[in-house]
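Reviewing the structure listed below.
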Amino acid sequence: MQNHFELFQLAPDFDLDMARLDAAYREIQSRVHPDKFVGASTAEQRVAMQWATRANEAYQTLKNPLKRASYLCELHGVALQAESNTAMPAEFLMQQMAWREELDEAKNDRAAFERLETEVLQAHRDQIAQIARHLAKADFQHAAQSIRQLMFLEKFIDDLDHRSEHLI
Amino acid sequence: MALLQISEPGMSTAPHQHRLAIGIDLGTTNSLVATVKNSIPEILSDDEGRALLPSVVRYLPNGHANIGFKAQAAQTSDPKNTVLSVKRLMGRGLKDIAYAENLPYDFLDTPGMVQIQTVAGVKSPVEISAQILATLRQRAEDALGDELVGAVITVPAYFDDAQRQATKDAAKLAGLNVLRLLNEPTAAAIAYGLDNASEGIYAVYDLGGGTFDISILKMSKGVFEVLATGGDSALGGDDFDHRLLCWISEHAKLAPLSDADTRLLMVKSREIKELLSTKSETQIDATLGSGEHVRLTISAEIFADMTQHLIQKTIQPCKKALRDAGLQIDQIDGVVLVGGATRMPPVRKAVGAFFQMTPLSNLDPDKVVALGAAIQANLLAGNRASGDDWLLLDVIPLSLGIETMGGLAEKVIPRNSTIPCARAQEFTTFKDGQTALAIHVVQGERELVSDCRSLARFELRGIPPMAAGAARIRITYQVDADGLLSVSARELRSNVEASITVKPSYGLDDAAITRMLQDTHGTAEADMQARALREQQVEAQRILLATRSALDADAHLLSADELAAITQLISVLEQCAASEDREAIVAAIEQLSAGTDVFAARRMDQSVRAVLTGKTLEQLI
């Protein structure tokens, strides 16, 4: 079975040409989507659903930096073990705690909230850049560690989003 | 004069023969049917030239029913047997229905979906909706003069699995072949996008009679991609009427109202709401059953004030959908208004203020959904000209999950996943020697199962006794292109399997559908069997045709033995296809279908491989 990169005929790199990914995905969906097989035999409809499901799965995985990075690690035999491996550098954990405190304090302060949001989003971009550097050197162990940290960051950004609803 | 071509029996139909397909907007307040004629989508009117069919069904003591305007006219005189806004009851239990106490029906709190006791017997929302669909089907067949290939039926994007399944069952009951369930905002986007050759990111704000949807779509050449959707499947124009009704009761200091008076004031409230879209003030004038006279003046401003919270309730989902799509407001290129309730000026104002632009409404908000559905139906039925083709990528509106220990809902497929999609997750047993596993399928965003909608429960039995935590149970969720879920479970060590299409808690099994078909059409058992036989004969021809054309194109993908095996299965089906033996036809179809699985898979592989090979990015874009 082809992996997600092979499906779209893309090189298995973290640094992806997004326009090419989009185009390849659409091209494949335009061939396999169940809407193209409404009058076909039951067997063909079944296969169409499986293929379209697969193309969606592959596309969603490659489109998202966190999922793409995790998938690359997996392809190279490095499991993330996000549930069991929760060890983080002390510095990173301290930063997380500081941000949580800031978030609580910024409850009714739009300007403070936005400052925090900007800072966290920058940290998110930096984290992805770091992952890209590890993956470029084929250092999947360190990439996996950075990805686990990215998961923390994304969870925190989700919380920020939820809070922002109540701010307005 | 050109000679008409008639194909040989059993041969493929001529490639340019137009196959009749329709789009149906099954609305809370009104329903419509449309089709594409000579490449132009148009609404099909009734014989009095009316496009809208009020979604109202009145049951009569003789067992018959009136549908549409005639039923609507009786809504105040016969409220118990005249069902309005049945869409709000689809796939819903009694406890889910807002203001059930204000509705005049004799509800039966049946498990899964509520039912109504009428003078013509107990009716489920599915049967009532089927009456409306059957009326539209008849209208279409009369207008088009032939049998229909199928229909696209629209549903609110925010409909959950139970509501979608109920809609599909209603269509089946009305004798319609459902080509696809299509989300209403997506249908509107198709009609709008193709009409205006629009490109970019659009928000479709759809406030109908009983439902609210917001969808964010990316439209580009040949692709409609839904990025996120949100809404409230129990919020619509009806709620504005209801608010006005409460205001009238309060200000006129009315005693609790009879069912007939409630209906009367509901009708008045709707009229006033519509008048206030163009006037700044109007009068309420009504005489109740008791002879009491109600006369009040209401301004557009007061009406706007009392309904402001309802409009605000639509803005929150807009924010959420934008966030889910990962977009900022300034990335939206246009906002399309759909649904009769968007005619209210305060709604337009609020939408304009939120999206920071004037909403587009150059297509009739009542008709745009049906037109889009007709365009999609035409495409699915195979009437597209080459080069005039597009791809629709839609999403599921609500996360699908499973109950885990402690009544928590574990998400298996997150909301806004592009469909079709599937996901497998592994679970294990809790106790030593546990031989069965209860699987509870839920839908919704909340963490507690009790706050989510329960879709189905089923059991995986026959797990060999093992220590707690040793069994490996893989549960697979598959959502098809209609947004409908099926779930299967398998114990990986022993290969014990159980699967389910998520129907039992809300949907109807085939036996129930057959019974309802008999009730609805008052037909005898023999007629029903004849109809079922005819359906299978048609299906057999469809499969034979599809298989033969696949062989014509790609027989080279098969070995001589494989080809011989398929040819054998074809001739078995050919032989029984014309017979009266329904069971034999069903069995032969299934065998041919199973026997061509590998062939279908190879054809698809070939097609996918061919598509990307040697293409440059420029060629792809």
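The values are calculated or read from the model by the stated rules, or taken from the named source; none is laboratory data. Just so it is clear, the model here is predicted, and its values are computed rather than measured. For neighbour counting, all protein chains shown are included, and Cβ atoms are generated from backbone atoms with ideal geometry for every residue, glycine included.
Assorted remarks:
- Residues of the range B:72-83 that turn out to be of a type in the set (A, V, I, L, M) and modelled with pLDDT of 95 or more, as a count: 1
- So residue B:283, is it within 14 Å of chain A (Cβ to nearest Cβ) and out of contact with any Phe, Trp or Tyr (no Cβ under 7 Å at 6 or more places or on another chain): no
- Any hit, the range A:10-22, residues being under 13 Å from residue B:391 (Cα atoms), more than 7 Å from chain B (Cβ to nearest Cβ) and either among the aliphatic types (A, V, I, L, M) or surrounded by 22 or more Cβ atoms within 10 Å (Cβ to Cβ) (or both): no
- Residue within the range A:21-39 that is under 14 Å from the mean Cα position of the chain (by Cα) and touching a residue at least 24 places away in the same chain (Cβ under 8 Å) present: no
- When the test is whether a residue is under 23 Å from residue B:158 (Cβ atoms), crowded, with 17+ Cβ neighbours inside 10 Å, more than 14 Å from chain A (Cβ to nearest Cβ) and within 23 Å of the chain's Cα centre (by Cα), residue B:324 does not pass it.
- Yes/no for residue A:78 being hydrophobic (A, V, I, L, M, F, W, C) and within 30 Å of residue A:9 (Cα to Cα): yes
- Every condition in (1) more than 7 Å from every other protein chain (Cβ to nearest Cβ); (2) crowded, with 21+ Cβ neighbours inside 10 Å; (3) out of contact with any Lys or Arg (no Cβ under 6 Å at 6 or more places or on another chain) is met by residue A:32 except one, and the failing one is (1).
- Residue in the range B:172-180 that is more than 14 Å from chain A (Cβ to nearest Cβ), touching a Phe, Trp or Tyr at 6+ places or on another chain (Cβ under 6 Å) and hydrophobic (A, V, I, L, M, F, W, C) present: no
- Within the range B:379-432, being of a type in the set (D, E, K, R), more than 9 Å from chain A (Cβ to nearest Cβ) and under 23 Å from residue B:230 (Cβ atoms) holds for B:394, B:410, B:411, B:415.
- Residue B:369 being assigned to a strand (DSSP E or B), buried (at least 17 other Cβ atoms within 10 Å of the Cβ) and of a type in the set (A, V, I, L, M): no
- Test: residue B:81 is touching a Phe, Trp or Tyr at 6+ places or on another chain (Cβ under 8 Å) and either touching a residue at least 12 places away in the same chain (Cβ under 8 Å) or not small (Gly, Ala, Ser) (or both): yes
- Filter result for residue A:27 (in a helix (DSSP H, G or I) and within 8 Å of another protein chain (Cβ to nearest Cβ)): yes
- Looking only at residues in the range B:437-453 that are in contact with a Ser or Thr (Cβ under 9 Å, 6 or more places away or on another chain) and more than 13 Å from residue B:487 (Cβ to Cβ), the one that is surrounded by the most Cβ atoms within 10 Å (Cβ to Cβ) is B:452.
Here is a yes/no grid of residues against (1) under 20 Å from residue B:375 (Cβ atoms); (2) more than 20 Å from the chain's Cα centre (by Cα):
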{"position": "B:145", "(1), (2)": "no, yes"}
{"position": "B:166", "(1), (2)": "no, no"}
{"position": "B:169", "(1), (2)": "no, no"}
{"position": "B:191", "(1), (2)": "yes, no"}
{"position": "B:202", "(1), (2)": "yes, yes"}
{"position": "B:207", "(1), (2)": "no, no"}
{"position": "B:219", "(1), (2)": "yes, yes"}
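- Consider the range B:576-606 and keep the residues that are surrounded by fewer than 18 Cβ atoms within 10 Å (Cβ to Cβ), touching a helix residue (DSSP H, G or I) at 6+ places or on another chain (Cβ under 8 Å) and farther than 25 Å from residue A:52 by Cβ. The one that is farthest from the other protein chains (Cβ to nearest Cβ) is B:580.
- Evaluated against (1) closer than 30 Å to residue B:532 by Cβ; (2) touching a Lys or Arg at 6+ places or on another chain (Cβ under 9 Å); (3) within 14 Å of another protein chain (Cβ to nearest Cβ), residue B:226 falls short on exactly one condition, (1).
Matching residues to (1) part of a loop (DSSP other than H, G, I, E, B); (2) more than 23 Å from the chain's Cα centre (by Cα); (3) without any contact (Cβ under 8 Å) to a residue 12 or more places away in the chain; (4) closer than 27 Å to residue B:315 by Cα:
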| residue | (1), (2), (3), (4) |
| --- | --- |
| A:111 | no, yes, yes, yes |
| A:120 | no, no, no, yes |
| A:135 | no, no, no, no |
| A:147 | no, no, no, no |
| A:160 | no, no, no, yes |
| A:164 | no, no, no, yes |
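- Scan of the range A:56-86 for residues that are outside any helix (DSSP H, G or I) and either within 12 Å of chain B (Cβ to nearest Cβ) or within 22 Å of residue A:138 (Cβ to Cβ) (or both), ordered by number: A:64, A:76, A:77, A:78, A:79, A:80, A:81, A:82, A:85
- Failed item in (1) farther than 30 Å from residue B:457 by Cβ; (2) buried (at least 23 other Cβ atoms within 10 Å of the Cβ); (3) hydrophobic (A, V, I, L, M, F, W, C), with residue B:400 passing the rest: (1)
- Considering the range B:179-276, the qualifying helices (runs of 4 or more DSSP H), each wholly inside and each with 2 or more residues that are in contact with a strand residue (DSSP E or B) (Cβ under 7 Å, 6 or more places away or on another chain) and closer than 26 Å to residue B:356 by Cα, run over B:184-196.
- Of all the residues in the range A:40-55, those that are facing chain B (nearest Cβ under 7 Å), within 23 Å of the chain's Cα centre (by Cα) and either farther than 25 Å from residue A:5 by Cα or surrounded by 23 or more Cβ atoms within 10 Å (Cβ to Cβ) (or both) number 2.
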